[in-house]
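The structure appears below as structure tokens.
The values are calculated or read from the model by the stated rules, or taken from the named source; none is laboratory data. Quantities reported herein were computed from a predicted structural model and do not represent experimental measurements. Neighbour counts run over all protein chains shown; Cβ positions are idealised from the backbone, glycine included. Accessible surface areas use protein heavy atoms only, side chains included; no ligands, DNA or RNA. Shrake-Rupley method; radii C 1.70, N 1.55, O 1.52, S 1.80 Å.
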Amino acid sequence: MESFLRQAYGGKASQQLPRYTAAVEAFRGQYGAGEIFLFRAPGRVNLIGEHTDYNHGYVMPVALDKDVLLLARPRQDNLIRLCNVEPKYQPFSFEIEEEIPISARGHWSNYARGVAQNLAQRMANGSGKRLTGFDGLVSAAAPFGVPRGAGLSSSSALTVAAATALAHFNGWQPPVEEMVGLCSDAEWYVGTRGGVMDHFIAVMGKRDHALFLDCRPGQDGSYLTHHEPLPRAYSLLIVDSGVKHRNVGNDFNRRVAACRAGSGLLRAPFPQTTRLRDVEDIPWHEIEPYLPEEMTPGGLAAVGIELGDIPGITPETTLQVRSRCRHVWSENRRVQEAVKAMTAGDVGTLGRLLGEAHASARDDYEISCPEIERLVALLTASPGVLGARLTGAGWGGCVVALVENEAVEAVSRRVQEAYEAQTGIQPSVFACLPSDGAGLLAHINGRDG
Ligand code: NG1
């Protein structure tokens, strides 16, 4: 086991051994002796480019060593059975069909259901092949799993792990874009109108690198991506505020609706516009006059702009159109500047951009909260920190900071102590170990004891 763990976790492999051994034992306890396939899919931290992906903009995430581990054994029939090492996630099973009934809102089975339904539909349209399922066990508990509701994409890691297993057992070897499409559709099944960033990085992560991703698909469905090396003398420090956000709420979808409203309104003056991405080269002062501060879907419909199906949005929902669009417009520019700064080794500029991105997320997109503000202020005031920002969807979750390697320990201690003293919440602080993307780690056959 040690050799594949070393490949996946480098110097931290030995720490993972007890987790893997316990998971294998739990799997055998649940499903009996026999072969086991070990799949993993990582969480991610987004360095910069927040709420740009569903506007066809730019993002720059990094895959974490915190991950979802899925142990699985193929079945002959179309059943998927899943259990979890954490008892609060109850076991479930369902049959793979083209229409799979969704479970209660927020139930952990919905991610696997979404994946299975989408793959079944794709197969029905393509080869007509009937899918077979698997028996599986998920191990994603702290401290090795992706923290939940922390803006580090735990749900996408689970989605990608389930998709990777299902694809493997059914001999489906899609190009990256198709795998990502399947997984992001699965999150739409759950009810969030998010983008493709989380699944791309979960699939395409590369050790010691960030992924630059242009979220606009080309005509052939391909995406522009490249891996950008992270500065060696610096670490990405992640601090979890302990405030949970749940990504199935209407707050997220309201932002999506405001962005769609903006691109709809900009279509008249700038006819090429289908997404906010299309106005990236136009100065803000030329865009702004066409964007009202507030508008409702009902008001938009009256001028012929339909927002499409967005769960939780009614004709009366107030949408802050101007400020939301300003964030997306300026954030896309910052991501491009950040790539240039990283290529040039200009960490000072990268740090400044993180700070500016945070201000925009707080003031224009309004996705911060008091606890996140405290963390950003504490980090920014610490020697050795070049910049810090809220990462992920928002309303809590984590802050990411660019920190000199030598300062990591002192900054971690200082922030931990001060944050706990000020809020009564013990934050978890860890340095990101930029990791590889999802895959099959190993196949243990039944004879291996
Ligand atoms: P998290 O932080 O995992 O909830 C969500 C969306 C991303 C992206 C970010 C904001 C999903 C699955 N994830 O991520 O696509 O829009 O918010 O940048 O919808």
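Some notes on this structure:
- Selection count, segment 358-369, where residues are part of a helix (DSSP H, G or I) and over 9 Å from A388 (Cα atoms): 5
- Leading residue by the ranking (farthest from V400 (Cα to Cα)) among those in segment 40-57 that are more than 11 Å from the ligand (Cβ to nearest atom) and surrounded by 24 or more Cβ atoms within 10 Å (Cβ to Cβ): R40
- Filter result (away from the ligand (no atom under 16 Å from the Cβ), under 23 Å from F144 (Cα atoms) and part of a loop (DSSP other than H, G, I, E, B)) within segment 408-434: I425, Q426, P427, L433, P434
- Among the candidates K206, K244, residue that is open to solvent by 40 Å² or more (accessible area, probe 1.4 Å), within 13 Å of the ligand (Cβ to nearest atom) and basic (K, R): K244
- Test for T159: is it of a type in the set (S, T, Y), within 16 Å of the ligand (Cβ to nearest atom), open to solvent by 40 Å² or more (accessible area, probe 1.4 Å) and not assigned by TED's automatic domain parsing to the domain that holds I310: no
- Residue count for segment 140-154, restricted to those that are more than 19 Å from G49 (Cβ to Cβ) and of a type in the set (G, A, S): 6
- Filter result for the condition that a residue is surrounded by fewer than 24 Cβ atoms within 10 Å (Cβ to Cβ) and within 14 Å of the ligand (Cβ to nearest atom), over P143, P91, P87, P147: P147
- Flag if A13 is among the small types (G, A, S), assigned to a helix (DSSP H, G or I), surrounded by 14 or more Cβ atoms within 10 Å (Cβ to Cβ) and out of contact with any strand residue (DSSP E or B) (no Cβ under 6 Å at 6 or more places or on another chain): yes
- For segment 18-52, a residue qualifies if it is in a helix (DSSP H, G or I) and either modelled with pLDDT under 95 or of a type in the set (G, A, S) (or both), and the qualifying residues are A22, A23, A26, G29.
- Among the residues of segment 295-319, the ones that are part of a loop (DSSP other than H, G, I, E, B) and open to solvent by less than 80 Å² (accessible area, probe 1.4 Å) come to 13 in all.
- Scanning segment 378-407 for residues that are at pLDDT below 95 and either surrounded by fewer than 24 Cβ atoms within 10 Å (Cβ to Cβ) or more than 16 Å from the ligand (Cβ to nearest atom) (or both) returns G394, W395, G396.
- Scan of segment 213-246 for residues that are within 27 Å of E371 (Cβ to Cβ) and assigned to a strand (DSSP E or B), ordered by number: Y234, S235, L236, L237, I238, V239, D240
- Close pairs from segment 278-294: first assigned to a loop (DSSP other than H, G, I, E, B), partner surrounded by fewer than 15 Cβ atoms within 10 Å (Cβ to Cβ), Cβ under 6 Å, at least 6 apart: E294/T318
- The set of residues from segment 402-449 being small (G, A, S) and over 25 Å from H199 (Cβ atoms) comprises A407, A410, S412, A418, A421, G424, G446, G449.
- Residues located in segment 113-140, provided they are open to solvent by 10 Å² or more (accessible area, probe 1.4 Å) and within 16 Å of the ligand (Cβ to nearest atom): R113, N118
- Single match in A63, A23, A72 (criterion: touching a strand residue (DSSP E or B) at 6+ places or on another chain (Cβ under 6 Å) and within 14 Å of the ligand (Cβ to nearest atom)): A63
- Evaluation of V279 against the conditions (1) away from the ligand (no atom under 16 Å from the Cβ); (2) of a type in the set (A, V, I, L, M); (3) touching a strand residue (DSSP E or B) at 6+ places or on another chain (Cβ under 6 Å); (4) open to solvent by less than 20 Å² (accessible area, probe 1.4 Å) shows that the sole unmet condition is (3).
- Every residue from segment 164-181 that is away from the ligand (no atom under 13 Å from the Cβ) and buried (at least 24 other Cβ atoms within 10 Å of the Cβ): T164, A165, L166
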